[in-house]
């Protein structure tokens, strides 16, 4: 897909990996719609990316009617949706039972499921419905959806039972969603990042960062958010890449803790 003059929706696009994806898509000539709950960070992103081709919607990605209304507005205002990148997500660090034998708080577990897994599907179903109305391009393509999972989908550590469940669910729905949408020319792929140099990770103590990096085979460093953004762009531009989950992790395999 040629990204020039295409419309790309990026959830969680105000910071971290979503912001990096938004930057790379913008650099390729796409018009952006950032969906995020952080209005201040989103306003900064709009200013940096350019208000002429960047739009912001404050939205809970797990809310069905609100997401449907948002995509109605996007298509009414911009005419189409070509790319959807799902980066919105949250996490908690809670074991199945704690040291005192108390069970994992079910509401916390449910919230992570709602935002990460249901939110990803909710955005994707509405994006796909919008993409289905596009005229196919010269490669019979109408759109592309990129999910964000995590290596925690495969190597979940202690305390990641909720987070890993959501990321495993995202990996699990990638191929069937790609198959569902194949007949109308919409591709679906997932990126499973390793330990990335996001603001959250860079805020950790240096010894924590060093300990993580020591276990990464090569390159022996944290991943750059721009590398995530570059992969998003490659997935969008490479029309034969479909139904796949790609680990972006320097070949690391996480230990139990």
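Taken together, the values in this text are just the output of simple stated rules run on the coordinates, not laboratory data. Keep in mind that this is a model prediction, so the values were computed, not measured. Cβ sites come from the backbone with ideal geometry, for glycine too, and all protein chains shown count toward neighbours.
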Q) Using a Gaussian network for the chain with springs between C-alpha atoms less than 10 Å apart, which of these wobbles most: 145, 97, 57? A) 97
Q) Rg (Å, one decimal) plus Dmax (Å, integer) for the alpha carbons of the chain? A) 17.9, 61
Q. What residue among 133, 99, 221 shows peak mean-square fluctuation when the chain is described by a Gaussian network model with Cα springs under 10 Å?
A. 99
Q. So how do 111, 220, 6 line up by other beta-carbon neighbours within 10 Å, fewest first?
A. 220, 111, 6
Q: Calculate, in nm to one decimal, what residue 111 and residue 239 gain on full extension: separation in residues at 0.36 nm each, minus their alpha carbon distance.
A: 42.6 nm
Q. How far is helix 64-78 tilted, in degrees, relative to the longest principal axis of the Cα atoms in the chain, given as a value from 0 to 90 rounded to the nearest 10?
A. 40 degrees
Q | Chain lengthening between residue 138 and residue 93 when straightened (0.36 nm per residue, less Cα-Cα) | A | 11.5 nm
Q: Would you mind checking the tilt of helix 39-49 against the longest principal axis of the Cα atoms of the chain, expressed as 0 to 90 degrees and rounded to 10?
A: 60 degrees
Q. Say a paramagnetic label sat at a point 7 Å from the Cα of residue 102, along Cα to Cβ; which residues of the range 147-188 have their backbone N under 13 Å from it?
A. none
Q) Cα centroids of the range 165-188 and the range 22-55: how far apart, whole angstrom? A) 26 Å
Q: May I ask what percent, to the nearest 5, of DSSP beta bridges between residues of the chain are antiparallel?
A: 5 percent
Q) Under a point spin-label approximation (7 Å from Cα along Cα-to-Cβ), what is the residue 27-residue 76 distance to one decimal in nm? A) 3.5 nm
**Q.** Segment residue 37-residue 51, length gained on full extension (0.36 nm per residue, minus Cα span)
**A.** 3.2 nm
(Q) I want to verify a result. In a Gaussian network model of the chain, Cα cutoff 10 Å, which of these has the top mean-square fluctuation: 146, 188, 115? (A) 115
